[in-house]
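Reading through the structure tokens given below for one structure.
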Amino acid sequence: MNAIQPSRPPLQPIQKRRVIPRPKRHLRQRSYQVMALESTAKIAVNLVVTAVAASALAQLLPYHSLQQEKLREISTEVKLMEAHVNGLQTEFSRNFDPQQTRSIMQQQGYRFDPSQRRVVVMNKDRQEDAQTQSSP
């Protein structure tokens with residue numbers, strides 16, 4: 001068991017495998033057919049995906065334009081309301097300003113400060129019409 005074994009295996013003649021000739025043309029034609037079929041399938045799938053995408057876009061574009069129109073209307077209304085709110089805020093701050101109290105009372109109550117004189121502006125055309133009608 002403890003015998004020394006040779007360091008290299010004994011030389012044996014290398015047997016050449018017998019090469020069986022294969023019909024290469026048939027395999028090449030078959031691989032070209034498989035590649036052609038695969039490419040055709042890829043193109044068909046891509047065409048279907050493109051058709052579905054185009055159909056989806058055709059349905060979404062009118063909806064998108066409708067939404068844009070609604071957005072424009074709402075934006076216009078928001079601008080109008082902002083202007084209205086700004087006016088109301090200005091009036092509110094003016095109404096609660098202690099320095100403006102007298103002028104607000106005069107505007108709303110038609111009362112005047114005793115130190116002020118009342119000025120009445122009359123139209124000259126009206127005066128002449130009134131005089132001509134009352135003079136006969």
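The values are calculated or read from the model by the stated rules, or taken from the named source; none is laboratory data. Worth saying up front: this structure is predicted, and the values here are computed from it rather than measured. Counting neighbours? That spans all protein chains shown, and the Cβs are built from the backbone with ideal geometry, glycine included.
Descriptive notes on the structure:
- Selection of the stretch 66-103 for residues being more than 30 Å from residue 115 (Cα to Cα) and among the hydrophobic types (A, V, I, L, M, F, W, C) yields 66, 71, 74, 78, 80, 81, 83, 85, 88.
- Filter pass, residue 31 being loosely packed, with under 10 Cβ neighbours inside 10 Å, modelled with pLDDT under 95, more than 20 Å from the chain's Cα centre (by Cα) and of a type in the set (Ser, Thr, Tyr): no
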